[in-house]
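The structure appears right after this line, and notes come after that.
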């Protein structure tokens, strides 16, 4: 499709830089207050965060299936020595849930998405 340089492309046609793509998907603890800049909030935890009301969580969607499996979480046991192996195994689980990952990526291509979890977050890249 040939474009007139004087016309700005539609958002859906725009290609985002790597920095812009990173800005479209953010991680945040569910206990942190929701702000407008969060955009579409997705809770990615198997269990609802303890003591957090639905109103305070202010999530648009709860995607339990995107969270690490119970077996993987038990194996990890929050042991820092297992972090790298945990990350590889979790990325493998995400590849098995490709349609959900694509759904999140599609949302993030159109607007900011904040992935919320009750646990402390580290940066995990989506495959």
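The values are calculated or read from the model by the stated rules, or taken from the named source; none is laboratory data. The model shown is predicted, which means the values in this text are computed figures rather than measured ones. Reconstructed Cβ throughout: ideal geometry from the backbone, glycine too, with neighbour counts over all protein chains shown.
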| Mind checking which residues of the range 70-80 are modelled with pLDDT of 95 or more and part of a loop (DSSP other than H, G, I, E, B)? | none
| query | Could we say that residue 41 is closer than 15 Å to residue 103 by Cβ, surrounded by 13 or more Cβ atoms within 10 Å (Cβ to Cβ) and either within 11 Å of the chain's Cα centre (by Cα) or at pLDDT below 95 (or both) here? | reply | yes
| Within the range 10-38, restricting attention to residues that are surrounded by 13 or more Cβ atoms within 10 Å (Cβ to Cβ) and assigned to a loop (DSSP other than H, G, I, E, B), which residue is modelled with the lowest pLDDT? | 16
| field | Complete set of residues in the range 95-109 that are assigned to a helix (DSSP H, G or I), touching a helix residue (DSSP H, G or I) at 6+ places or on another chain (Cβ under 9 Å) and over 21 Å from residue 39 (Cβ atoms) | value | 95
| request: Would you mind finding the one in 59, 7 that is assigned to a loop (DSSP other than H, G, I, E, B), modelled with pLDDT of 90 or more and out of contact with any helix residue (DSSP H, G or I) (no Cβ under 9 Å at 6 or more places or on another chain)? | output: 59
| note | Going through (1) loosely packed, with under 11 Cβ neighbours inside 10 Å; (2) at pLDDT 95 or above; (3) in contact with a strand residue (DSSP E or B) (Cβ under 7 Å, 6 or more places away or on another chain) one by one, residue 111 fails only at (2)
| message | Here is a list: 77, 39. Which entry is on the phi > 0 side of the Ramachandran plot and touching a residue at least 12 places away in the same chain (Cβ under 8 Å)? | response | 39
